Amino acid sequence: MKTAHRIRVAATLGVSALLSSSVLAQWAPYPALPTPKAPDGKVDLNAPAPRTPDGRPDFSGTWRGAPTGQRGAPPPQAPPGSPPLATFRDVGSTFKDGLPFTDYGKELLSKRTARNSKDNPEASCLPMGIMQFWSQGFPRKFVQTPRLLVILYEASSGIRQIFIDGRPLPPQEEPQPWFYGYSTGKWDGDTLVVETNNLRDDGWLDIIGSPLTDAAKLTERFRRVNFGRMEIEITVNDPKAYTKPWTVRHVQQLMPDSEIIEFICAENNHFSPTR
């Protein structure tokens, strides 16, 4: 990897880490959504989750991934009975025996790590993929309507649509595959269950290159625990890369009265990971 490219990749990942504790903002804080307050006047993050007029949990707001431990420290243990936490660098690091790779998946990961994982799409200003979007530190904004949930990821200016209007997923291998795939959701009580298919064949689930292929189907279960906390469980079913489905958990923290900022990665992007 050339020095300039290595510096740029390191800077990108370093910014992700820094933003997990504080986010630079251009808009001044503004209470665009109703915000419950504690007796001391601070935002009551433990207040009940808000609901839409039809009684559904309302995910609207700006969120960020909760920290998953200090750099270099062992990944935090998941509570009993819950899936392991996903981590940004290696999504399988919290699994006792690692991810259940097929021979193909293991070989592909080996090829990527042999190149120092420099072919990660993010290094070329391409979308980093759903799993990485949840586990890295840049904020993401949920815009919820009765028939559509839009997620605006600050990182890479990612835009994702989740249709909750009753439409079915398109048949596998029929439409053009997308970086974010095709997503539909339905309610299971207070949990929004989202299924995604028809993803591209060159997906990366983490920094090191754990693969996601065009055979994959993702199932995300969104639950807003209270005003300030959201939990997302993601099941990866990809028979091309893994011998069995597996599930990880993401924890999201609300950023009250905050907005995402502009993120333009492609400007002056003169480097290629193949050089």
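The values are calculated or read from the model by the stated rules, or taken from the named source; none is laboratory data. Just so you know, these numbers come straight off a predicted model, no measurement behind them. We place every Cβ from the backbone using ideal geometry, glycine too, and count neighbours over all the protein chains shown. Surface areas here come from the heavy atoms of the whole protein model, side chains and all, with no ligands, DNA or RNA. Shrake-Rupley method; radii C 1.70, N 1.55, O 1.52, S 1.80 Å.
Starting from the Cα of ASP165, step 7 Å along the direction of its Cβ; do the same at THR235; then give the gap between the two resulting points in nm.
2.7 nm
Quick one: with all protein chains in place, what share of the accessible area of region 137-234 is carbon or sulfur, to the nearest percent (1.4 Å probe)? List each step's numbers first, then the result.
Numbers: 2000 of 3960 Å².
Taking all protein chains in place, region 137-234 shows 51 percent carbon and sulfur surface.
Considering only protein heavy atoms, what per residue accessible area in square angstrom results for region 154-201 with a 1.4 angstrom probe?
Ligands and nucleic acids excluded, the figure is 51 Å² per residue.
So, in nm, how far is label ASP97 from label ASP58 when the simple model puts each one 7 Å beyond its Cα toward the Cβ?
Inter-label distance under the simple model: 4.6 nm.
Work out how much length ARG115 to LYS186 would gain on full extension: take 0.36 nm times their residue separation and subtract the Cα-Cα distance, in nm to one decimal.
Values: separation 71, 0.36 × 71 = 25.56 nm, distance 4.03 nm.
Stretched out fully, the ARG115 to LYS186 stretch lengthens by 21.5 nm.
Which of the peptides 108-120, 229-241 is most tightly packed, and how do the rest follow, judged by the mean count of other Cβ atoms within 10 Å per residue? Mind dumping the intermediate values first?
On the way: 108-120: 16.0, 229-241: 19.1.
Going by the mean number of other Cβ atoms within 10 Å, highest first, we get 229-241, 108-120.
With contacts defined as alpha carbon pairs under 8 Å and 6 or more residues apart, what's the relative contact order of region 168-249 in percent?
21 percent.
For region 173-275, what number results from the quotient of the Cα radius of gyration and 2.2 N^0.38 Å?
Cα-based Rg divided by the globular estimate yields 1.30.
Let me know the number of lysine pairs in region 132-275 closer than 20 Å at the Cα, not counting same-chain pairs under 8 apart. Intermediate results must be reported in sequence, preceding the final value.
Numbers: LYS141/LYS186; LYS186/LYS217; LYS217/LYS240; LYS217/LYS244.
Qualifying lysine pairs in region 132-275: 4.
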